[in-house]
Amino acid sequence: MLMFCPTCANVLVVEEGENCLRFACNTCAFVQNVKRKISNRKYPKLKELDDVLGGAAAWENVDSTEETCPKCGHQRAYFMQIQTRSADEPMTIFYKCCNAECGHRWKD
(Lines give C-alpha, C1' and ligand atoms only; values in the text may rest on other atoms or scores of the structure.)
Protein backbone atom coordinates (compact mmCIF):
# COMPACT_ATOMS: atom_id res chain seq x y z
CA MET A 1 0.00 0.00 0.00
CA LEU A 2 1.42 3.38 -0.93
CA MET A 3 1.24 6.25 1.50
CA PHE A 4 1.51 9.83 0.32
CA CYS A 5 2.83 12.93 2.03
CA PRO A 6 -0.02 15.25 3.13
CA THR A 7 2.24 18.28 2.58
CA CYS A 8 3.75 17.74 -0.88
CA ALA A 9 1.91 14.61 -2.15
CA ASN A 10 5.08 12.60 -2.81
CA VAL A 11 5.32 8.89 -1.98
CA LEU A 12 6.44 8.22 1.58
CA VAL A 13 9.26 5.78 2.23
CA VAL A 14 9.58 3.51 5.25
CA GLU A 15 12.69 4.02 7.35
CA GLU A 16 13.93 2.95 10.75
CA GLY A 17 13.48 5.51 13.46
CA GLU A 18 14.86 5.53 17.00
CA ASN A 19 12.48 2.90 18.42
CA CYS A 20 10.13 2.07 15.56
CA LEU A 21 9.55 2.23 11.85
CA ARG A 22 8.28 5.47 10.38
CA PHE A 23 7.04 7.00 7.16
CA ALA A 24 9.24 9.79 5.86
CA CYS A 25 9.09 12.10 2.87
CA ASN A 26 12.26 12.49 0.80
CA THR A 27 11.21 15.96 -0.40
CA CYS A 28 10.03 17.74 2.74
CA ALA A 29 10.51 17.23 6.46
CA PHE A 30 7.31 15.20 7.05
CA VAL A 31 7.78 12.18 9.36
CA GLN A 32 5.09 9.95 10.89
CA ASN A 33 5.74 7.01 13.23
CA VAL A 34 4.08 3.70 12.38
CA LYS A 35 1.83 2.85 15.33
CA ARG A 36 0.06 -0.23 13.96
CA LYS A 37 0.19 -2.68 11.11
CA ILE A 38 -1.23 -1.14 7.94
CA SER A 39 -2.51 -3.41 5.19
CA ASN A 40 -5.10 -3.25 2.46
CA ARG A 41 -6.09 -5.92 -0.05
CA LYS A 42 -8.24 -5.44 -3.11
CA TYR A 43 -9.19 -8.38 -5.27
CA PRO A 44 -10.27 -7.46 -8.80
CA LYS A 45 -13.46 -8.96 -10.15
CA LEU A 46 -12.46 -11.34 -12.93
CA LYS A 47 -14.49 -11.49 -16.10
CA GLU A 48 -16.02 -14.72 -17.29
CA LEU A 49 -14.42 -16.21 -20.40
CA ASP A 50 -17.70 -15.75 -22.28
CA ASP A 51 -17.68 -12.01 -21.64
CA VAL A 52 -14.23 -11.69 -23.19
CA LEU A 53 -15.20 -13.79 -26.24
CA GLY A 54 -18.42 -11.87 -26.91
CA GLY A 55 -20.95 -13.63 -24.68
CA ALA A 56 -23.31 -16.47 -25.56
CA ALA A 57 -24.19 -14.89 -28.92
CA ALA A 58 -20.62 -15.44 -30.14
CA TRP A 59 -21.24 -19.22 -30.33
CA GLU A 60 -24.48 -18.99 -32.39
CA ASN A 61 -23.10 -19.11 -35.96
CA VAL A 62 -19.81 -20.97 -35.60
CA ASP A 63 -18.61 -24.04 -37.50
CA SER A 64 -17.93 -27.45 -36.00
CA THR A 65 -15.00 -29.79 -36.53
CA GLU A 66 -13.82 -33.25 -35.54
CA GLU A 67 -12.26 -32.57 -32.15
CA THR A 68 -12.59 -34.88 -29.16
CA CYS A 69 -13.96 -33.29 -25.99
CA PRO A 70 -11.52 -33.91 -23.11
CA LYS A 71 -14.41 -34.06 -20.62
CA CYS A 72 -17.03 -36.35 -22.20
CA GLY A 73 -15.25 -37.83 -25.24
CA HIS A 74 -17.76 -36.51 -27.81
CA GLN A 75 -16.20 -36.46 -31.30
CA ARG A 76 -17.36 -33.01 -32.51
CA ALA A 77 -16.85 -29.49 -31.20
CA TYR A 78 -17.68 -25.96 -32.26
CA PHE A 79 -14.66 -23.73 -32.77
CA MET A 80 -13.67 -20.11 -33.30
CA GLN A 81 -10.30 -18.49 -33.83
CA ILE A 82 -9.37 -15.24 -32.10
CA GLN A 83 -6.16 -13.25 -32.24
CA THR A 84 -5.26 -12.99 -28.54
CA ARG A 85 -1.57 -12.13 -28.90
CA SER A 86 0.49 -9.96 -31.20
CA ALA A 87 0.10 -10.25 -34.97
CA ASP A 88 3.21 -12.40 -35.43
CA GLU A 89 1.83 -15.11 -33.08
CA PRO A 90 -0.68 -17.76 -34.24
CA MET A 91 -4.37 -17.36 -33.46
CA THR A 92 -5.88 -19.07 -30.41
CA ILE A 93 -8.55 -21.67 -31.17
CA PHE A 94 -11.45 -21.89 -28.71
CA TYR A 95 -13.61 -25.03 -28.68
CA LYS A 96 -17.05 -25.84 -27.27
CA CYS A 97 -18.35 -29.42 -27.11
CA CYS A 98 -21.27 -30.11 -29.49
CA ASN A 99 -22.86 -32.41 -26.90
CA ALA A 100 -25.68 -30.27 -25.46
CA GLU A 101 -25.46 -32.03 -22.08
CA CYS A 102 -21.71 -31.34 -21.76
CA GLY A 103 -20.98 -27.93 -23.35
CA HIS A 104 -17.36 -28.05 -22.07
CA ARG A 105 -15.11 -25.24 -23.35
CA TRP A 106 -11.35 -25.34 -23.85
CA LYS A 107 -8.68 -23.68 -25.94
CA ASP A 108 -5.80 -24.90 -28.05
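The values are calculated or read from the model by the stated rules, or taken from the named source; none is laboratory data. The shown structure was predicted, so the numbers you read here are calculated from the model rather than taken from an experiment. Cβ: placed from backbone, ideal geometry, glycine included. Neighbour counts: every protein chain shown.
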Self-check item: Among (1) under 33 Å from the mean Cα position of the chain (by Cα); (2) modelled with pLDDT of 85 or more; (3) not hydrophobic (A, V, I, L, M, F, W, C), the one test that N26 misses
Solution: (1)
Exercise. Residue by residue through segment 65-91, note down the ones that are outside any loop (DSSP other than H, G, I, E, B), at pLDDT below 90 and polar (S, T, N, Q).
Key: Q81
Quiz item: Filter segment 29-64 for residues that are among the small types (G, A, S) and not in a loop (DSSP other than H, G, I, E, B); which is modelled with the lowest pLDDT?
Solution: A56
Practice problem: Please identify the pairs in which a residue from segment 4-15 that is in a loop (DSSP other than H, G, I, E, B) has its Cβ atom under 6 Å from the Cβ atom of a residue that is modelled with pLDDT under 90 and not aromatic (F, W, Y), counting only partners at least 6 apart or on another chain. | Solution: L12/M3
Quiz item: Mind checking which residues of segment 67-91 are among the hydroxyl-bearing types (S, T, Y) and out of contact with any strand residue (DSSP E or B) (no Cβ under 6 Å at 6 or more places or on another chain)?
Solution: T68, S86
